[in-house]
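Participant: A single structure is presented below for examination.
The values are calculated or read from the model by the stated rules, or taken from the named source; none is laboratory data. The model shown is predicted, which means the values in this text are computed figures rather than measured ones. Cβ coordinates were reconstructed from backbone atoms using ideal geometry, including for glycine residues, and neighbour counts include every protein chain displayed. The protein model used for the area step is the full one, side chains on, heavy atoms only, and it has no ligands, DNA or RNA in it. Shrake-Rupley method; radii C 1.70, N 1.55, O 1.52, S 1.80 Å.
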Amino acid sequence: MAVIQKYGKNYSPDLVCHKENHPLDKIGVAGCHKKWSEHNSNWPRPVARVWTVVLLLGTCLLYCARVAMPICAVSMAEQFSWSKRESGMVLGSFFWGYCFTQVFGGYVSDRVGGEKVLLLSAAAWGSMTAFTPILAHFCSQPILSMTLARFLMGLLQGVHYPSLASLCSQKVVESERGFLMSTVGSGSYLGTLVIGGAGSLMLDVYGWESVFYVSGLLSVLWAYCMWKYLLKGEGKGCFSCVNSICVILCCYLVPAYLYTWSQCPLVAVIVTHLCTASTFFTLLSWLPTFFKDTYPDAKGWVFNVIPWLVAIPSSLFSGCLSDHLITQGFDTASVRKLMQFFSMGVSSVFTLLLCGNTTFPWTVAFVSATMGLTTFSHSGVSVNVQDLAPSCAGALFGVMNTCGAFSGVLMVYFSGYLIEATGSWASVFALITTVNLLGLCTFLGFAEARRVDIDSSKVRHHNIHI
């Protein structure tokens with residue numbers, strides 16, 4: 001584990017500037033006149049706190065809308081006579097759409113502002129969620145309409161986290177990014193808990209349609225309030241925004257990433273996030289089955305709720321701790337490595353403890369500790385990409401999330417193969433530990449916190465308002 005040193009080489013707030021003859025300096029777009037650096041004005045602390053609460057609520061609603069379908073899948077399958085395979089097709093279609101817009105959403109956020117992308121996407125996926133019951137009832141083939149709806153949901157929600165990363169890198173000072181990202185990240189656990197409790201109640205009392213209506217309309221309301229009160233209802237030029245986005249992508253995307261991807265610390269971030277995401281998806285997918293197989297008489301609400309209740313305060317604590325250490329003058333890179341050590345190193349100890357024969361309470365405790373410590377990555381690798389490349393943090397986070405999503409699905413399938421082949425859950429937990437240690441060693445060995453992105457002040461783009 002990296003030893004934290006005060007006032008290390010990465011502590012200097014000065015940005016790294018590259019040579020004047022960088023290839024990107026020669027690229028220009030007619031009519032472009034506003035620099036990226038002009039957008040890079042940090043929020044005052046009171047404003048940052050307001051945005052933290054708003055983004056936390058938005059992420060909570062994001063997961064309420066995302067998890068609505070899994071909660072209602074059984075009832076919908078009974079009503080529309082879906083087989084297990086057809087239900088799986090509907091649920092799995094979200095993933096394919098989710099992967100396709102990660103990089104695009106992040107890159108556009110870097111150019112036009114993450115808050116604008118969040119606004120447009122939330123209004124779109126909120127509307128899609130609210131219209132889901134209508135599509136199901138009025139389409140002659142509900143299985144097709146629901147598969148398409150979930151695919152579109154994935155496309156629209158895929159831009160959320162890259163946009164958050166871009167917004168945080170441009171508007172939040174380095175010493176406060178850990179708190180914001182960990183707090184907003186805890187919204188995913190909060191949303192899962194809210195829709196799991198309230199959604200199940202609405203499902204039993206009012207029917208599955210109510211789950212989609214409520215979560216969708218609340219999401220649209222959140223987008224409207226953000227536009228009205230935080231963005232002050234600015235702009236009406238959506239079509240000009242789309243045209244400008246196309247010009248920006250053609251002119252900047254390829255040359256910028258040919259340069260940026262040559263940096264070793266960024267590759268280390270990608271590999272580490274890939275490992276973190278794949279192990280998290282595996283635990284998320286297989287833990288309910290593990291508990292049912294190992295403790296068939298256990299109450300589902302216990303092992304489905306307690307780990308997420310632990311994850312929320314753990315995520316908040318990691319953000320406060322990392323920001324406090326950086327504020328006290330500790331080396332930023334070492335703080336990121338410390339957070340990732342807890343996320344992937346210490347959590348693996350509790351994962352290995354699941355390999356033995358333990359009682360149900362101890363197993364719940366080990367799983368809760370694992371999930372709680374995993375959230376420390378919000379203040380580690382998830383924030384490190386903003387340290388390294390704030391000018392294109394959104395797009396790079398999109399690359400990270402895309403790689404993590406694909407590797408997660410592959411690892412989930414491979415874990416199922418191991419369970420069938422060995423008949424033991426220990427093989428799965430050993431695999432998770434191995435992947436975690438691989439990612440941790442990569443991050444400890446190669447991660448840095450100095451800027452390695454392009455000289456962003458040379459890149460010009462349209463002044464776009466929505």
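Participant: Taking W125 as meeting all but one of (1) surrounded by fewer than 22 Cβ atoms within 10 Å (Cβ to Cβ); (2) modelled with pLDDT of 95 or more, write down the number of the exception.
Facilitator: (1)
Participant: Then there is this: Just one of G319, G329 is surrounded by 23 or more Cβ atoms within 10 Å (Cβ to Cβ) and in contact (Cβ under 8 Å) with a residue 24 or more places away in the chain; which is it? If you could, list the steps in order and put the result at the bottom.
Facilitator: Values: G329 fails: surrounded by 23 or more Cβ atoms within 10 Å (Cβ to Cβ).
Criteria check complete, one pass: G319.
Participant: May I ask you to list pairs of residues, at least six apart or on different chains, whose Cβ atoms are under 6 Å apart, with the first in region 69-83 being open to solvent by 20 Å² or more (accessible area, probe 1.4 Å) and the second being not hydroxyl-bearing (S, T, Y)?
Facilitator: Hits for this filter: I71/G199; S75/W208; F80/P142.
Participant: I would also like to ask the following. Could you tell me whether A149 is in contact with a Leu (Cβ under 6 Å, 6 or more places away or on another chain), closer than 24 Å to L57 by Cα and open to solvent by 10 Å² or more (accessible area, probe 1.4 Å)?
Facilitator: Spelling it out, it is not the case that A149 is in contact with a Leu (Cβ under 6 Å, 6 or more places away or on another chain), closer than 24 Å to L57 by Cα and open to solvent by 10 Å² or more (accessible area, probe 1.4 Å).
Participant: Here is a further query. Does A426 satisfy being in the same structural domain as N357 (by the TED database), among the hydrophobic types (A, V, I, L, M, F, W, C), open to solvent by 10 Å² or more (accessible area, probe 1.4 Å) and touching a residue at least 60 places away in the same chain (Cβ under 8 Å)?
Facilitator: It is true that A426 is in the same structural domain as N357 (by the TED database), among the hydrophobic types (A, V, I, L, M, F, W, C), open to solvent by 10 Å² or more (accessible area, probe 1.4 Å) and touching a residue at least 60 places away in the same chain (Cβ under 8 Å).
Participant: Hey, another quick one. Kindly evaluate S391 against the criterion of being in contact with a Gly (Cβ under 8 Å, 6 or more places away or on another chain) and not β-branched (V, I, T).
Facilitator: Numbers: in contact with a Gly (Cβ under 8 Å, 6 or more places away or on another chain): no; not β-branched (V, I, T): yes.
So S391 fails the test.
Participant: Here's a follow-up. Quickly run through region 297-332 and pick out the residues that are at pLDDT 90 or above and assigned to a loop (DSSP other than H, G, I, E, B).
Facilitator: Within region 297-332, Q328, G329, D331 meet the criteria.
Participant: Does F341 count as at pLDDT 95 or above, in a helix (DSSP H, G or I) and over 24 Å from F290 (Cα atoms)? Step through it out loud before you land on a result.
Facilitator: Working: at pLDDT 95 or above: yes; in a helix (DSSP H, G or I): yes; over 24 Å from F290 (Cα atoms): yes.
Yes, satisfied.
Participant: What is the one condition in (1) surrounded by fewer than 24 Cβ atoms within 10 Å (Cβ to Cβ); (2) in contact with a Cys (Cβ under 7 Å, 6 or more places away or on another chain) that D110 does not satisfy?
Facilitator: (1)
Participant: Also, quick follow-up: Given the structure, is P313 assigned by the TED database to the domain that holds G404, open to solvent by 20 Å² or more (accessible area, probe 1.4 Å) and either touching a strand residue (DSSP E or B) at 6+ places or on another chain (Cβ under 7 Å) or of a type outside the set (D, E, K, R) (or both)?
Facilitator: Working: assigned by the TED database to the domain that holds G404: yes; open to solvent by 20 Å² or more (accessible area, probe 1.4 Å): yes; either touching a strand residue (DSSP E or B) at 6+ places or on another chain (Cβ under 7 Å) or of a type outside the set (D, E, K, R) (or both): yes.
Answer is yes for this residue.
Participant: Within region 344-360, which residues are in a helix (DSSP H, G or I) and either on the phi > 0 side of the Ramachandran plot or not hydrophobic (A, V, I, L, M, F, W, C) (or both)? If you could, list the steps in order and put the result at the bottom.
Facilitator: We begin by selecting, within region 344-360, every residue in a helix (DSSP H, G or I); these are 344-353, 360.
Passing the criteria: G345, S347, S348, T351.
Participant: Are there any pairs with C-beta distances below 6 angstrom linking a residue in region 87-105 that is among the polar types (S, T, N, Q) to a residue that is assigned to a helix (DSSP H, G or I) and open to solvent by 10 Å² or more (accessible area, probe 1.4 Å), with the two at least 6 apart or on different chains, and if so which?
Facilitator: So the pair list comes out as S87/A73; S87/A77; S93/T147; S93/R150; S93/F151; T101/L155; Q102/N401; Q102/T402.
Participant: Right, something else. Suppose the filter is open to solvent by 10 Å² or more (accessible area, probe 1.4 Å) and outside any helix (DSSP H, G or I); does C403 pass it? Quick ask: steps written out before the conclusion?
Facilitator: Numbers: open to solvent by 10 Å² or more (accessible area, probe 1.4 Å): yes; outside any helix (DSSP H, G or I): no.
It is false that C403 is open to solvent by 10 Å² or more (accessible area, probe 1.4 Å) and outside any helix (DSSP H, G or I).
Participant: Go through region 84-106 and give me each residue that's crowded, with 23+ Cβ neighbours inside 10 Å and either over 15 Å from the mean Cα position of the chain (by Cα) or of a type in the set (G, A, S) (or both).
Facilitator: V90, G105, G106
Participant: Just the residues that are farther than 20 Å from V173 by Cβ, touching a Ser or Thr at 6+ places or on another chain (Cβ under 8 Å) and open to solvent by less than 20 Å² (accessible area, probe 1.4 Å), please, taken from region 332-358.
Facilitator: Q340, S343, M344, S347, S348, T351, L354 - these are the residues of region 332-358 that are farther than 20 Å from V173 by Cβ, touching a Ser or Thr at 6+ places or on another chain (Cβ under 8 Å) and open to solvent by less than 20 Å² (accessible area, probe 1.4 Å).
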